[in-house]
Amino acid sequence: MPTAVRQRVVDPVWQVTRPARPGRVPGVVLAGLRDRGPAPVDHRLDPHPVLTLALACGEAALGIDESTGRQHRGSLVTGLGFGVGGTARVRAANVEWMQVRLSPAIAGAVLSVSPAELEGSVVTVDDLWGERRAGRLREQLAEAASWEERFALVEAFLAPLPSAGPAIEPELAWAWDRIVAGHGQVRVEGLADELGWSRKRLWSRFHAQLGLPPKRAVKLVRFDRAATRLAVGQEAARVAADCGYADQSHLHRDVVAFTGVTPATVAGGSLIATADMAWVDHVPRLPKAWKAP
């Protein structure tokens, strides 16, 4: 009989567990992370082309500290592109938490708030869903006997929310998925042409509903792919060529802008080395039925 979950220890600090079967909720990727200790965790949090739910599964809580001095503890949500410039740290000790990555095309339906309102920010789940609703899910996750049970709980909790389809215009959901499918190697002008929209119309609606302009989205998706490859030890010159950068200097500028460090050290002290090396489909996609504008 096949096992319900598969585990992979990708770093001495974390044990990562993923569902063995496809998820029930489109545009969502789940993983369970357990701090292996004994030293407290302290990672740089680099930006990703997703919105992320970090759900506590016990008494110990994940923490995010911003360079401004603001501290966030408990079950949290980070917006699209949060952590630009290496301005945030993930801190934890003896913690288990569920990472739920959301495509911005459905994030509004799941979180009950537009991705544009969360762009570049972090808020508590209690603030989004209310203390009673968030607390009930937190208690269920803490009482669950296995990661398999936790995955089922979260999927059952999320499944009814986006059933009506993307919470953004279908044309924008299609455009976003094209950017992700192309690993950030697409022309914004080409997207507008395929939609039959003007560039101004695409920019305006994309920015209003996703919180960042389409060209910025392209750069973020391209960077994410490059950072993942750098984290597994690929040479910067090869990464620059494979990920669509003009040259290695172009890659260097983008990586420094997004992380605050050079390509040679991008994986050092970063959650990328844990989260992105754990699986290849870390940027959730939508089903084919949602792609056509």
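Please specify each residue of the stretch 19-58 satisfying the condition of being at pLDDT 85 or above, more than 19 Å from residue 123 (Cα to Cα) and basic (Lys, Arg). Residue satisfying the conditions is 34 alone. The sole residue among 67, 75 that is modelled with pLDDT of 90 or more, among the hydroxyl-bearing types (Ser, Thr, Tyr) and touching a Ser or Thr at 6+ places or on another chain (Cβ under 7 Å) is 75.
Against the condition in contact (Cβ under 8 Å) with a residue 60 or more places away in the chain and open to solvent by 10 Å² or more (accessible area, probe 1.4 Å), how does residue 174 come out, does it pass? It is true that residue 174 is in contact (Cβ under 8 Å) with a residue 60 or more places away in the chain and open to solvent by 10 Å² or more (accessible area, probe 1.4 Å). Where strands (runs of 3 or more DSSP E) fall entirely within the stretch 67-119, those with at least 1 residues that are within 24 Å of residue 285 (Cα to Cα) are at 76-78, 96-102. Selection over the stretch 243-258 of residues that are part of a helix (DSSP H, G or I), free of Cβ contacts under 8 Å to residues at least 24 places away in the same chain and open to solvent by less than 60 Å² (accessible area, probe 1.4 Å) gives a count of 2. Residue count for the stretch 38-61 under the criterion of being open to solvent by less than 20 Å² (accessible area, probe 1.4 Å) and more than 16 Å from the chain's Cα centre (by Cα): the result is 3.
Of the residues 123, 113, 95, the single one that is at negative phi, modelled with pLDDT of 90 or more and not small (Gly, Ala, Ser) is 123.
Whether any residue in the stretch 116-131 is closer than 19 Å to residue 180 by Cβ, open to solvent by 10 Å² or more (accessible area, probe 1.4 Å), under 20 Å from the mean Cα position of the chain (by Cα) and free of Cβ contacts under 8 Å to residues at least 60 places away in the same chain is what I want to check. No, because not a single residue in the stretch 116-131 is closer than 19 Å to residue 180 by Cβ, open to solvent by 10 Å² or more (accessible area, probe 1.4 Å), under 20 Å from the mean Cα position of the chain (by Cα) and free of Cβ contacts under 8 Å to residues at least 60 places away in the same chain. In this entry, residue 239 passes the filter for residues that are of a type outside the set (Gly, Ala, Ser), touching a Leu at 6+ places or on another chain (Cβ under 7 Å) and either in a helix (DSSP H, G or I) or open to solvent by 60 Å² or more (accessible area, probe 1.4 Å) (or both).
The values are calculated or read from the model by the stated rules, or taken from the named source; none is laboratory data. As the structure is a prediction and not an experimental result, all values here were calculated from the model. Here the Cβ is made from the backbone with ideal geometry for all residues, glycine too, and neighbour counts use every protein chain on show. With ligands, DNA and RNA removed, areas are computed over all heavy atoms of the protein, side chains included. Shrake-Rupley method; radii C 1.70, N 1.55, O 1.52, S 1.80 Å.
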